[in-house]
Amino acid sequence: RTQQQTAQALGISRSYDSAATNVNDARRAERLPGHTETEVTPMGKYQKNIEAARRITVMQYLETYHPGELVRKTDKEYCTKTHSSLVITPANGLFHWFSQSKGGNNALDYLVKVEGMDFVSAVRLLNE
């Protein structure tokens with residue numbers, strides 16, 4: 001989007017030269033007290049969804065969406081039926097897929113790295 005298109009979308013009918021200033025003024029006016037500057041950026045408005053997705057552990061995800069997939073390997077570790085070399089350690093929230101040299105510490109990492117889901121779809125799924 002150009003600055004002029006953004007200004008028009010916000011209902012600002014001034015000249016193109018002042019559109020950038022007016023857009024910034026409109027964004028500042030929409031901000032609530034206590035919000036940071038990053039929350040005004042396009043990605044900033046989705047930050048809460050991303051953070052919520054990152055708080056979901058691999059164990060929580062698998063128990064909810066794939067309940068029969070987890071297999072206890074030892075007292076402290078699990079693996080999955082689909083990927084026997086994928087080891088999940090609930091005590092520290094980590095997983096490591098040894099055959100692929102991939103690992104992570106939450107369900108978002110798991111969906112992207114193991115299931116091959118794109119980041120946006122994974123965040124949406126975890127926030128349903």
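Of note:
- For the stretch 39-128, the per residue solvent-accessible surface stands at 61 Å², with DNA, RNA and ligands left out and a 1.4 Å probe.
- Peptide packing: for 63-73, 88-98, the average count of neighbouring Cβ atoms within 10 Å per residue gives the ranking 88-98, 63-73, highest mean first.
- For Ala122, the shell of other residues with beta-carbons less than 13 Å away shows a net charge of -1, using +1 for Lys and Arg and -1 for Asp and Glu.
- Between Ser101 and His66, the simple spin-label model (points 7 angstrom out along Cα→Cβ) gives 2.3 nm.
- 11 Å beta-carbon shell around Ala53, net charge (K/R +1, D/E -1): +1
- Charge dipole (debye, nearest 20) of the stretch 41-116; +1 at Cβ of Lys and Arg, -1 at Cβ of Asp and Glu: 160
- The alpha-carbon of Lys102 sits under 22 angstrom from the alpha-carbons of these lysines, leaving out residues fewer than 8 places away in its chain: Lys73, Lys76, Lys81, Lys113.
- Rounded to the nearest whole Hz, the Karplus-based 3J(HN,Hα) values (6.51 cos²θ - 1.76 cosθ + 1.60, θ = phi - 60°) of the stretch 99-114 follow the sequence 5, 10, 6, 10, x, x, 9, 7, 5, 4, 4, 4, 4, 6, 7, 9, with x at glycine and proline.
- Taking amide H atoms as placed 1.01 Å from N in the peptide plane, the amide H of Leu94 lies under 5 Å from those of Thr89, each 5 or more residues away in sequence or on another chain.
- Summarising the label geometry, the points placed 7 Å from Cα in the beta-carbon direction at Asn127 and Ala91 lie 3.5 nm from one another.
The values are calculated or read from the model by the stated rules, or taken from the named source; none is laboratory data. What you see is a predicted model; the values in this text were computed from it and never measured. For neighbour counting, all protein chains shown are included, and Cβ atoms are generated from backbone atoms with ideal geometry for every residue, glycine included. Note: accessible area is taken over every heavy atom of the protein model, side chains too, but ligands, DNA and RNA are not part of it. Shrake-Rupley method; radii C 1.70, N 1.55, O 1.52, S 1.80 Å.
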